[in-house]
Amino acid sequence: MEIGDKNGIADSLNYMGNVAFGLTDFKKAIILMNAAEKEFESLGAVLGVDDQKIKDQNIAKIREELTDEEFEKYSKEGMKITVEEAVQIAVSI
C-alpha cells in the first residue's frame, strides 16, 4: 500500500505521539514520535520550532517515567517500524 502526503503523515504521527503522551501511554508516545522523526528524516524535513519544543518537553518527561531500557527499546522500535505500522498504532489510541 502506498501512502500519499508523507509530510502530513509524519506530522500526524508526531501529533498522535503527543496524544498518547497526554493519555500517559508513554510506550506508544515514544514509538510514534520516533516513527515521525524517521519519516521526517527520510523526507529531509524537520518539525517546526514549536512542535520540536513540545516534543523535547514530552520526551524529557517520558524519560522520567520509563526505565532507560524501556525508553531505548521503544525508541528503537519507533525507528524500525514502517509508516503503515505506525499508523496502526496511532489509530489504536
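The values are calculated or read from the model by the stated rules, or taken from the named source; none is laboratory data. Remember, it's a predicted structure, so these values are computed and weren't measured experimentally. FYI the Cβ positions are ideal-geometry reconstructions off the backbone, even for glycines, and counts take in every protein chain you see. Just so you know, the surface numbers come from the protein's heavy atoms only, side chains and all, with ligands and any DNA or RNA stripped out. Shrake-Rupley method; radii C 1.70, N 1.55, O 1.52, S 1.80 Å.
Side notes on the structure shown:
- G22 surrounded by fewer than 20 Cβ atoms within 10 Å (Cβ to Cβ), modelled with pLDDT of 95 or more and among the small types (G, A, S): yes
- Flag if Y74 is open to solvent by 60 Å² or more (accessible area, probe 1.4 Å), out of contact with any Ser or Thr (no Cβ under 9 Å at 6 or more places or on another chain), aromatic (F, W, Y) and part of a helix (DSSP H, G or I): no
- Cβ separations smaller than 9 Å between residues 6+ apart or across chains give the following pairs from the stretch 40-66 residues that are farther than 13 Å from Y15 by Cα and in a helix (DSSP H, G or I) to residues that are among the hydroxyl-bearing types (S, T, Y) and open to solvent by 50 Å² or more (accessible area, probe 1.4 Å): E65/T24.
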